[in-house]
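All remarks here apply to the structure that follows.
The values are calculated or read from the model by the stated rules, or taken from the named source; none is laboratory data. Treat the numbers as computed from the prediction; the structure is a model and nothing was measured. Glycine also receives a Cβ, built like all others from the backbone with ideal geometry; neighbour counts cover every protein chain displayed. For accessibility, only protein heavy atoms count, side chains too; no ligands or nucleic acids. Shrake-Rupley method; radii C 1.70, N 1.55, O 1.52, S 1.80 Å.
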Amino acid sequence: MSEKLVAVLPGDGIGQEVTEEAVAVLEVAAKKAGKAIRFERAPVGGAAYDLTGSPLPPETLALARRADAVLLGAVGGPKWEPLDFSVRPERAILGLRKELGLYANLRPAKVFPALADASTLKREVIDGVDMIVVRELVGGIYFGQPRGIEQMPDGTERGVNTEVYTTPEIERILKVGFDLARSRRKRLCSVDKANVLESSELWRNTAIRMSRDYPDVQLTHMYVDNAAMQLIRNPKEFDVLVTSNIFGDILSDEASMLTGSLGMLPSASLGGRVALYEPIHGTAPDIAGQDKANPLATILSAAMLARLSFGWEDVASSIEGAVQRVLDEGYRTADIYRPVPGVTLKQVGCKAMGRAVREAI
């Protein structure tokens, strides 16, 4: 069996802590299943800027390109906010997406029964939620031209960003959504703002045309403002939700609250030969280095890596089952700790949570 190489890019803040726990869990699960895997680390984001003057050094990008998969922590923080926009840590993520051709972001939001009371919503609303947000990653307003801040003749400034999508960009992300829906419960909700945005009108028309090739998938459409409301009102109505870059960014963060915490949501970015996996949370500089972070989103991202990049279903299921067991046993990091009458919970830190998952494997 050929050895798989994972490029580990810890990043900044709690990214460095949660990534190490995920690596340890993936290593244990792979070894138990008799799989060969190795890890190589490289700096990215603010940590890379401090070392090299670039948030995405050539050596880091080269490692990502030759790896079989990339595991990313999180990047950014107040320390680097004064930097020019072109060298801020977040540019590393955009650069990786562009250079690796990662146009599709999968963000599953599944409510673990043991955490139903950790959500701010009522149990009857979120119990049984199991959905995936498919977000377009390399188009739309985050990449469209023209963009920038310009001086006006009257001395004021004008900020410009452009929402742009082409038919091929829309078709390829919708195909991911349709194919994923076909493999699940055969329901696809396409989210847009076609009543006011021409780019969304093109998006909706393209979705309708493509649906003829997927007669077994039920396609519905929803304006983004209504989708934001329905995610809170009746989240169980969603199976697969596909949408643009900015709408997907916002809605997937909202969906995370269904699960109780940003610390529970993994993600996968697909499209090129090498896929990238990361938790959807940020660097949380207020708790960095204090062993308080929740590593489960990154651990679950490692499970997605095993399944989608390597085809290791046994490894992925082993990790996900272990997470389920430690939650059922009452292990909680601070972000998901909600006292429940009659239930004994164990509040633990990042390292202890990772160790509990490894022991469960």
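Observations on the model:
- Strands (runs of 3 or more DSSP E) wholly inside segment 1-106 containing at least 3 residues that are open to solvent by 10 Å² or more (accessible area, probe 1.4 Å) and of a type in the set (D, E, K, R): 37-41
- Top-ranked residue in segment 291-308 [being touching a residue at least 24 places away in the same chain (Cβ under 8 Å) and open to solvent by 40 Å² or more (accessible area, probe 1.4 Å); ranked as nearest to residue 29 (Cα to Cα)]: 308
- From the list 140, 177, the lone residue that is closer than 23 Å to residue 247 by Cα, among the small types (Gly, Ala, Ser), surrounded by 13 or more Cβ atoms within 10 Å (Cβ to Cβ) and touching an Asp or Glu at 6+ places or on another chain (Cβ under 9 Å) is 140.
- On the stretch given as segment 107-129, residues that are in contact (Cβ under 8 Å) with a residue 24 or more places away in the chain and of a type in the set (D, E, K, R) total 3.
- Against the list (1) touching a helix residue (DSSP H, G or I) at 6+ places or on another chain (Cβ under 8 Å); (2) in contact (Cβ under 8 Å) with a residue 40 or more places away in the chain; (3) part of a helix (DSSP H, G or I), the condition residue 248 fails is (1).
- Scanning segment 128-142 for residues that are of a type in the set (A, V, I, L, M, F, W, C) and part of a loop (DSSP other than H, G, I, E, B) returns 129, 137, 138.
- Pairs linking a residue in segment 152-170 that is free of Cβ contacts under 8 Å to residues at least 24 places away in the same chain to a residue that is of a type in the set (Phe, Trp, Tyr) and surrounded by 12 or more Cβ atoms within 10 Å (Cβ to Cβ), with Cβ atoms under 9 Å and 6 or more positions apart or on different chains, are 161/142; 162/143.
- Which listed residue is without any contact (Cβ under 8 Å) to a residue 60 or more places away in the chain and within 21 Å of residue 287 (Cα to Cα), from 55, 43, 10: 43
- Taken over segment 180-189, the criterion of being outside any strand (DSSP E or B) and open to solvent by 10 Å² or more (accessible area, probe 1.4 Å) is satisfied by 180, 182, 183, 184, 185, 186.
- Screening segment 143-170 for residues that are in a helix (DSSP H, G or I) and open to solvent by less than 60 Å² (accessible area, probe 1.4 Å) and picking the one that is nearest to residue 238 (Cα to Cα) gives 170.
- Single residue of segment 94-106 satisfying the filter (free of Cβ contacts under 8 Å to residues at least 60 places away in the same chain and of a type outside the set (Gly, Ala, Ser)) that is farthest from residue 130 (Cα to Cα): 99
- Qualifying residue in segment 289-299 (condition: within 24 Å of residue 269 (Cβ to Cβ), in contact with a helix residue (DSSP H, G or I) (Cβ under 9 Å, 6 or more places away or on another chain) and polar (S, T, N, Q)): yes
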